Amino acid sequence: MVFEIDMPAWAITAIWIALFLFLATLGVRFSERIGRRIARIYKNRERQPLTLERQMTLGSIFAGTVRLFSLTAALLAILALFVSIESLVWMVGLFSAAFGLGARPFISDILTGFTFITENTFSVGEKVEMLGVSGVVEKVQLRTTRLRAPSGELYILPNGDIRTIRNFSRGKFSQVKVTLRIHSSDYDQALSLLDNLGQEAVSILPNLIEPWKVLSEGELGERAALVIVAKARFGKGADMTPRLEALVQQRFAEAQIDLV
């Protein structure tokens, strides 16, 4: 014996709406997990290994994409219950044109978020400077990037406004500058000593990348100023500065060149 339930049309429509909303809620609920899963698949297809920070960045952006797709699909499915497919296509086209004109910043933010995936400009955990704000990247989403300043404030920056990015975590070297003030009578001797010592210092100072350059600062008078400009391994500039100064002072003392 088969029982047939005669439900009114509004009840069937309500059930479909509830189902679509439930599926959209599931998509939003599990977007982070799905995003991490897609990031792992992307990682396995990459020829070069991805860092943990890069995986977190990709997972965050993929999660935002899943949320946007879930909500958009649910909205279109609900609209399809009330209008025909032809009318729905017409409405979507009209809405897209109006939305494109009125929400250009929003679209720009999302497109820039997708760009971050392919170009790998920065990743979660890196120290950067963008829009005049310096800090550590906490989260990269489709529309915004979250930046934690050294003083503790959280900055939420629209992706579409980010044009210039200074990435402190991907530098190739750190610059070291040491100024030496000497008597003008020792200028030629000091300059020759520093030129020769620059070649030797590469083997003495392990963090020195290449021989340093010596520049003259100001005009010659009773006193002269020589500036040593050196390249240290990235992040080792502060550690190498006192070692460089100590080496120069030792060689100047041996050559009887007095520092003013």
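The values are calculated or read from the model by the stated rules, or taken from the named source; none is laboratory data. Values in this document were obtained by computation on a predicted structure and should not be read as measured data. Cβ placement follows ideal geometry from the backbone for every residue including glycine, while neighbour counts extend to all protein chains displayed. Accessible surface is based on the protein model in full, side chains and every heavy atom, while ligands, DNA and RNA are left aside. Shrake-Rupley method; radii C 1.70, N 1.55, O 1.52, S 1.80 Å.
A Förster radius of 45 Å, combined with the Cβ-Cβ distance separating residue 86 from residue 134, puts the computed FRET efficiency at roughly 0.25. Surface listing: 168, 252, 173, 22 arranged by accessible area from highest to lowest gives 22, 173, 168, 252, probe 1.4 Å. The calculated P(r) of the range 120-182, using every Cα pair and 5 Å bins from 0, goes 4, 17, 27, 22, 10, 7, 5, 4, 3, 2, 1, 0 in percent. Provide the FRET efficiency to the nearest 0.05 for the residue 41-residue 154 pair, computing r from the beta carbons and using R0 = 25 Å. It comes out at approximately 0.25. How fast does the range 198-260 diffuse by Stokes-Einstein, in µm²/s, taking the Kirkwood radius from C-alpha pairs at 37 °C and 0.692 mPa s? Answer, rounded: 257 µm²/s. Sequence-ordered 3J(HN,Hα) estimates for the range 139-156 from the Karplus curve with 6.51, -1.76 and 1.60 and θ = phi - 60° stand at 7, 10, 10, 4, 9, 9, 10, 9, 10, 9, 6, x, 7, x, 5, 9, 9, 10 Hz, glycine and proline given as x.
Stretching the chain fully between residue 178 and residue 75 yields a gain of 30.7 nm (0.36 nm per residue, less the alpha carbon separation). Computed extension length for residue 245-residue 204: 13.5 nm, one decimal, from 0.36 nm per residue of separation with the Cα-Cα distance subtracted.
Protection proxy ranking of 181-187, 108-114, by the mean of other Cβ atoms within 10 Å over each peptide's residues and highest first, is 108-114, 181-187. Distance between the 7 Å Cα→Cβ label points at residue 234 and residue 213: 2.1 nm.
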